[in-house]
Amino acid sequence: MTQITLNTLSSEIKDMDAAYSVAGGDSAVLHDHELASLVISGNKVLNANGIKGIVLETKETEHGVDVKMIIKKGYKIPLPVHLCFGLIPQDGLQEIGMNFVAEEDSAVELVAHCTFPNAVKIIHRMEAQMHVGKNALLKYTETHFHGPHGGAQVIPKARVKIEEGGRYYNNFSLVSGRVGSLEFDYDVDAEKDSICEMVTKVYGKKDDKIRIMEKVSLNGENARSVIKSRLAITENAESEFRGITEGHAPRSRGHVDCLEVIQGNAKAEAVPIVRVDNPLAKVTHEAAIGCVDKKEVETLMARGLEEDEAIDIIVKGMLA
Amino acid sequence: MLSRDGKKILRGVNLEVGDREIHSIIGANGAGKSTLAYTLMGLQGYEHEEGSLIFNGEDISKLSITERARKGITLAWQEPARFEGLKVRDYLAIGAKDNGGATEEELKEALRKVDLKPEKYLDREVGETLSGGERKRIELASIITMKPKLAILDEPDSGIDVVSLKEIVNLIQTFKENGSSVLVITHRKEIAAASDKASLMCEGVILRSGDPLEISEFFKNRCIPCDSRVSPPKAA
Ligand SMILES: Nc1ncnc2c1ncn2[C@@H]1O[C@H](COP(=O)(O)OP(=O)(O)OP(=O)(O)O)[C@@H](O)[C@H]1O
Ligand SMILES: [Mg+2]
């Protein structure tokens, strides 16, 4: 069992616990030594707890931390691994380098919370290389909380490779508080018989700017993918969605699905792109941008809610 | 009075629903029954144009949907909304919000009243996975928790299987027992028969009101199709 605990400045741990909680996490899991976890505040590793089957290495850099995580061959990690990245101050820069490998036949679920509860001028960059080995499974759930001020600029970038028979499920959600500026950029290569599912849910308000770029290349025979995006934007927020799926191999199947609701002066653009250069591949898409369903709003108003309360409930349901 | 593209959809509606009265509205497809329900609820595009709309002595014709709902008026649609992602539990609780919220037991009881097993439905989503009939019952349940003074039910029987029709009739009676008045639009004799009073609607006009069985018979024998057997009433 590898167990390292570094830089345990207790007040900082408390602050991160609180920040983790406001982002929707249960901070007790970060202190349970039976569970693998990693907590990074700014460029400090507050807690790095690997368990059997997981190799976890961290290196503090000037503005962040480089993380290397390997799920060893054949290990199926029974409980989720909890990750928390954050910055407590109002301003600052955090750069996370993530090198993740799920070796052949391994399985793991990563539950990440990224929290910047006081952000006024914060930049958070994540550069991730994810490797999902042959027949391996990676579930990655990432919940963000950027505080109420709209002062976060968050730039997650990932290059993902799914080997033959591998499965990769990514779930990104940023639905409470402000977004600030989000530039989400994921690029996935899917080999033979692999599965890739990416879901993003974002709620933008005031002058939030949301940019989502997701690309899947179905390189191997029978590779399958779904890109699903649910966006709600209101007031003066702007969103731009690009979901690209390329079908290069026989019997590869892909689908891009974007549903957006807009209110106020918000502006949305959704571009699903499908490219197919193999006649036996099939890639489909649907995109819809519209206002909140009138019947749903009126039903809730007929139960006594104000119009904006009704809209809020409907939008939160869509993003749940 | 309500017009669309210059055509008057509701032309002469003279209707009174008494305290704790079950009042059914019957009439042919396209007669204007749903339009009447929407106008009473004050939905957008169905604003009251002329005449008065009095609820418990107060003119409510200029009030918003929310204001009418807070006075105790509510509506169940002929085709309920879908609500992607909304949990049944949360939907049912909404109506009770202004009465201090609903207990877990009250939510379960509301589902039992519409013949749905609480343990099976409480944590499901209203939208995607439910059938049309199930969604309809859940909508009725969402009204039960609201304890309305006037429940407007637009064809609560449509999409409901015959076995459950009896439950719907019971439900309407429960509303009455709990102090609500019910205005129910229906094509079913069983529901009309359980009413205290009925009104017949034809081409935007309430032709006559009275004993439910008499009104049903009149409609069945002389009024179908509406425009050929009964000379169209003059615009009010
Ligand atoms: N938004 C609208 N714009 C134009 N015409 C409308 C609109 N809504 C309803 N109508 C018309 O008004 C008439 C009455 O419609 P309504 O839906 O009220 O009928 P109904 O009595 O409820 O019929 P059913 O038994 O089929 O439910 C119909 O002729 C319909 O085509
Ligand atoms: Mg109707």
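The values are calculated or read from the model by the stated rules, or taken from the named source; none is laboratory data. Note that the structure is a prediction, hence the values are computed from the model and not measured. Cβ atoms come from the backbone with ideal geometry, glycine included; neighbour counts cover every protein chain shown. Ligands, DNA and RNA are excluded from the accessible area calculation, which covers all protein heavy atoms including side chains. Shrake-Rupley method; radii C 1.70, N 1.55, O 1.52, S 1.80 Å.
A few points about this structure:
- Of the strands (runs of 3 or more DSSP E) contained entirely in the stretch A:152-195, not one carries at least 3 residues that are surrounded by fewer than 21 Cβ atoms within 10 Å (Cβ to Cβ) and touching a helix residue (DSSP H, G or I) at 6+ places or on another chain (Cβ under 6 Å).
Residue by residue, here is whether (1) outside any loop (DSSP other than H, G, I, E, B); (2) within 9 Å of chain A (Cβ to nearest Cβ); (3) without any contact (Cβ under 8 Å) to a residue 12 or more places away in the chain holds:
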site: B:L36; (1), (2), (3): yes, no, no
site: B:S52; (1), (2), (3): no, no, yes
site: B:D98; (1), (2), (3): yes, yes, no
site: B:A102; (1), (2), (3): no, no, no
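- Taken together, B:L63, B:L36, B:L53, B:L40 contain a single residue that is open to solvent by less than 20 Å² (accessible area, probe 1.4 Å), of a type in the set (A, V, I, L, M, F, W, C) and either away from ligand 1 (no atom under 12 Å from the Cβ) or within 18 Å of the chain's Cα centre (by Cα) (or both), which is B:L36.
- When B:I185, B:I168 are checked against the criterion of being open to solvent by less than 10 Å² (accessible area, probe 1.4 Å), more than 16 Å from ligand 2 (Cβ to nearest atom) and not acidic (D, E), a single residue qualifies: B:I168.
- Of all residues in the stretch B:145-156, none that is more than 13 Å from B:T174 (Cα to Cα) and within 16 Å of ligand 2 (Cβ to nearest atom) has its Cβ atom under 8 Å from the Cβ atom of a residue that is aliphatic (A, V, I, L, M) and in a loop (DSSP other than H, G, I, E, B), 6 or more apart or on another chain.
- Selected residue (criterion: nearest to the chain's Cα centre (by Cα)) from residues of the stretch B:112-134 that are surrounded by fewer than 13 Cβ atoms within 10 Å (Cβ to Cβ) and assigned to a loop (DSSP other than H, G, I, E, B): B:S131
- Listed by first and then second residue, the pairs linking a residue in the stretch A:24-45 that is free of Cβ contacts under 8 Å to residues at least 60 places away in the same chain to a residue that is among the aromatic types (F, W, Y) and part of a loop (DSSP other than H, G, I, E, B), with Cβ atoms under 6 Å apart and 6 or more places separating them unless they lie on different chains, form an empty list.
- Considering only residues in the stretch B:6-33 that are modelled with pLDDT under 80 and more than 16 Å from ligand 2 (Cβ to nearest atom), the one that is surrounded by the most Cβ atoms within 10 Å (Cβ to Cβ) turns out to be B:R11.
- Strands (runs of 3 or more DSSP E) within the stretch A:219-320 that include 1 or more residues under 20 Å from the mean Cα position of the chain (by Cα) and over 30 Å from B:R68 (Cα atoms): A:224-233, A:238-247, A:253-262, A:267-276
- Count of the stretch B:73-95 residues which are assigned to a loop (DSSP other than H, G, I, E, B) and either within 14 Å of A:A310 (Cα to Cα) or within 9 Å of chain A (Cβ to nearest Cβ) (or both): 9
- Within the stretch A:119-166, the set of residues being small (G, A, S) and within 17 Å of A:G24 (Cβ to Cβ) comprises A:A119, A:G147, A:A152.
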